[in-house]
Amino acid sequence: MGYVSAVPVPQPRAQAATAPDATGSRRSLAAGLFLGAVGATVVLLASGQTWAEGKAAVGGGTLPLTADGQDVTGLPAALAIVGLAALVAVFAVRSVGRLLVAGLLALSGLGAGLSAYLGASDSAALDEKAAQTTGDTSATIDALSHTAWPYVTAAGGLLILIAGLLALRYGKLWPTMSGRYERDGTPRPRKAPRTAPDPDRPEDLWKALDRGEDPTH
């Protein structure tokens, strides 16, 4: 009479099906981290550059004035910081929490990009500087011009937005930061507690001596 083995046989198709998922998870994770970090860095750096230039009439002459991104709007830099925090937090939460944080990351990028784009043609910051410099509240800026830095800032916001969209799409496959879990989410095996050597077993006493332990404890 024969016996049927109960050992499960690995299914090649199932293993092959999980390979693309793992590859897509690693690629989306790397892309999300890279785009989010680079986008936030670009926004923070570009928002500190000169966005607008002009001249204010002072007495019989003119005074050149400039306005950086922080003078025009502080929203892109603030949202970039929020985006960085969300990029880190997306690995600390799971399930619905991860979706919410990923959505915050995407919205941060969208807000940073839109506010920078709208600030590209702003003149209020230089008009305010002209009024403060001349002491005339009705003073305005002449020969107003804008640089490309607002659009660079908007591009950085777009990178953050893409990182957020990647987190929304593939975030459920990304690992979670935890010391007790492996990358696939399974708990790490715990080490068995060391037991005291048995005095009735000489081999246990010799092993304890080899480890430098006191076999009497």
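Could you calculate the FRET efficiency of Thr133 with Ala31 from 1/(1 + (r/R0)^6), where r is the beta carbon distance between them and R0 is 41 Å, rounded to 0.05? E(calc), rounded to 0.05, equals 0.30. Each peptide in 100-109, 64-73 gets a packing score, the mean of other Cβ atoms within 10 Å over its residues, and the list from highest to lowest is 100-109, 64-73.
For region 67-153, the fraction of 1.4 Å probe accessible surface lying on carbon and sulfur atoms is 65 percent.
For the listed peptides 26-34, 111-119, a ranking on the average number of other beta carbons within 10 Å per residue, highest first, reads 111-119, 26-34.
The values are calculated or read from the model by the stated rules, or taken from the named source; none is laboratory data. Keep in mind that this is a model prediction, so the values were computed, not measured. FYI the Cβ positions are ideal-geometry reconstructions off the backbone, even for glycines, and counts take in every protein chain you see. Keep in mind that these areas ignore ligands, DNA and RNA; they rest on the heavy atoms of the full protein, side chains included. Shrake-Rupley method; radii C 1.70, N 1.55, O 1.52, S 1.80 Å.
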